[in-house]
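One structure below.
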Amino acid sequence: MINRHRQIKKNLILRAKIIQAIRDFFTSTDFLEVETPVRIPAPTPEPYISALASDGWYLQTSPELNMKRLLCAGYPKIFQICKCFRKNERGSRHLTEFTMLEWYEADTTYLHLMTQCERLIHYVHQSLNLPGPMIYQDFKIDLDPPWPRISLAEAFDRFSGTNMDDAILKDAFDETISFDIEPQLGVSQPVFLYDFPAARSPLAASKPENPDLAQRMELYIGGLELCNGFTELNDPVVQRKRFEEELAARKKRGQPVYPMPEKFLSALEFMPQASGNAFGIDRLVMLFTNAKAIDEVAAFIPEEL
């Protein structure tokens, strides 16, 4: 363990600088940094994400629900850097306990989020005084905006042997994204994927002109997914229905079924139009340190504890 800590010292120093630059970016644009509880009574019902139990409650998989309650209470621009926890997530890009940046802004949409991501990463890159393009593994990545934006349907057509609708029907949607599409994204310039199936995006607002699609985007750099953001669904009736559907699906899959987050749903009627984004800090540090595995940017990993 001592040898590993010595080997990653430069990475941890750069990590601290990256987190400070992120804070500077948001506070300089009038965002309020907030802290919400890590231990909560009802986690967000989301597809294929499981929470860790904690004495009858749960460790948060995301600070989303409580941050949105602040948005509903009249906090128009908020961000948070915090620990999140997800059960059975461990691999070269995953830790059960990881660091999340999450932000919300009233009167914006997912289109604004994409521009914010460009500005944020460009700001961090400049703050670190790093030279030219980003070098990540075998890729030379130009960070100068604007970055390409590709609909998810187009990505299926371009990078896989099937289209998006067929992949969903064949229950190959997630597998196709993970193995066929993701490795080809962001290898020369960061890329946004946008317009995901609404059925796979329970907290995102649907597109008015096509309710089957959600106003959702993800950012990829060097084959790594960095974030998941969307125009927020602010209809409590529709949100409750989507939560009920997801909880039923969890039960059918044999996954834990969580309590309904009633306080969040009660507050939701006061939410303005807004957008929000969940951004993985560990993966951003991986990119800036040219780390192949998440272990290289974490002070401690589970196997050391």
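The values are calculated or read from the model by the stated rules, or taken from the named source; none is laboratory data. Treat the numbers as computed from the prediction; the structure is a model and nothing was measured. Cβ sites come from the backbone with ideal geometry, for glycine too, and all protein chains shown count toward neighbours.
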Item checked: One residue from 113, 120 being out of contact with any Gly (no Cβ under 7 Å at 6 or more places or on another chain) and touching a residue at least 24 places away in the same chain (Cβ under 8 Å) -> 120
Next item on the list: Please verify whether the stretch 273-290 includes one or more residues that are modelled with pLDDT of 95 or more and over 30 Å from residue 77 (Cα atoms).
Entry: yes
Notebook entry, point to check: So, of the residues in the stretch 192-209 that are farther than 13 Å from residue 229 by Cβ and buried (at least 20 other Cβ atoms within 10 Å of the Cβ), which turns out to be nearest to the chain's Cα centre (by Cα)?
Noted result: 202
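Mind listing whichever residues of the stretch 68-89 are exposed (fewer than 15 other Cβ atoms within 10 Å of the Cβ) and either in a helix (DSSP H, G or I) or not aliphatic (A, V, I, L, M) (or both)?
Result: 74, 83, 88.
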Notebook entry, point to check: Under 6 Å by Cβ, and 6 or more places apart or on different chains, what pairs join a residue from the stretch 87-105 that is without any contact (Cβ under 8 Å) to a residue 40 or more places away in the chain and under 23 Å from residue 35 (Cα atoms) with one that is surrounded by fewer than 20 Cβ atoms within 10 Å (Cβ to Cβ) and not acidic (Asp, Glu)?
Noted result: 87/50; 87/52
Checklist line | Meets criteria (in contact with a Ser or Thr (Cβ under 9 Å, 6 or more places away or on another chain) and either at negative phi or of a type outside the set (A, V, I, L, M, F, W, C) (or both)) for residue 23 | finding: no
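If you go through the stretch 165-187 one residue at a time, how many are of a type in the set (S, T, N, Q) and surrounded by fewer than 15 Cβ atoms within 10 Å (Cβ to Cβ)?
Looking only at that region, the number is 2.
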Checklist line | Count of the stretch 174-202 residues which are in contact with a helix residue (DSSP H, G or I) (Cβ under 7 Å, 6 or more places away or on another chain), closer than 24 Å to residue 142 by Cα and free of Cβ contacts under 8 Å to residues at least 24 places away in the same chain | finding: 1
Checklist line | Cross-chain or 6+ apart pairs with Cβ under 8 Å, the stretch 19-30 first and polar (S, T, N, Q), then crowded, with 17+ Cβ neighbours inside 10 Å | finding: 29/77
Check: So which residues in the stretch 145-168 are assigned to a loop (DSSP other than H, G, I, E, B), farther than 29 Å from residue 115 by Cβ and not small (Gly, Ala, Ser), if there are any at all?
Finding: 162
Check: For residues in the stretch 291-305 being among the charged types (D, E, K, R) and at pLDDT 95 or above, which is surrounded by the fewest Cβ atoms within 10 Å (Cβ to Cβ)?
Finding: 292
Check: How many residues does the stretch 103-144 contain that are outside any helix (DSSP H, G or I) and within 18 Å of residue 223 (Cα to Cα)?
Finding: 12
Check: Which is surrounded by 17 or more Cβ atoms within 10 Å (Cβ to Cβ) and not in a strand (DSSP E or B), of 43, 47?
Finding: 43
Item checked: Checking residue 171 against (1) without any contact (Cβ under 8 Å) to a residue 24 or more places away in the chain; (2) not in a loop (DSSP other than H, G, I, E, B), the condition it does not meet -> (2)
Next item on the list: Output yes when any residue across the stretch 30-39 is in a strand (DSSP E or B) and over 19 Å from the mean Cα position of the chain (by Cα), and no when none is.
Entry: yes
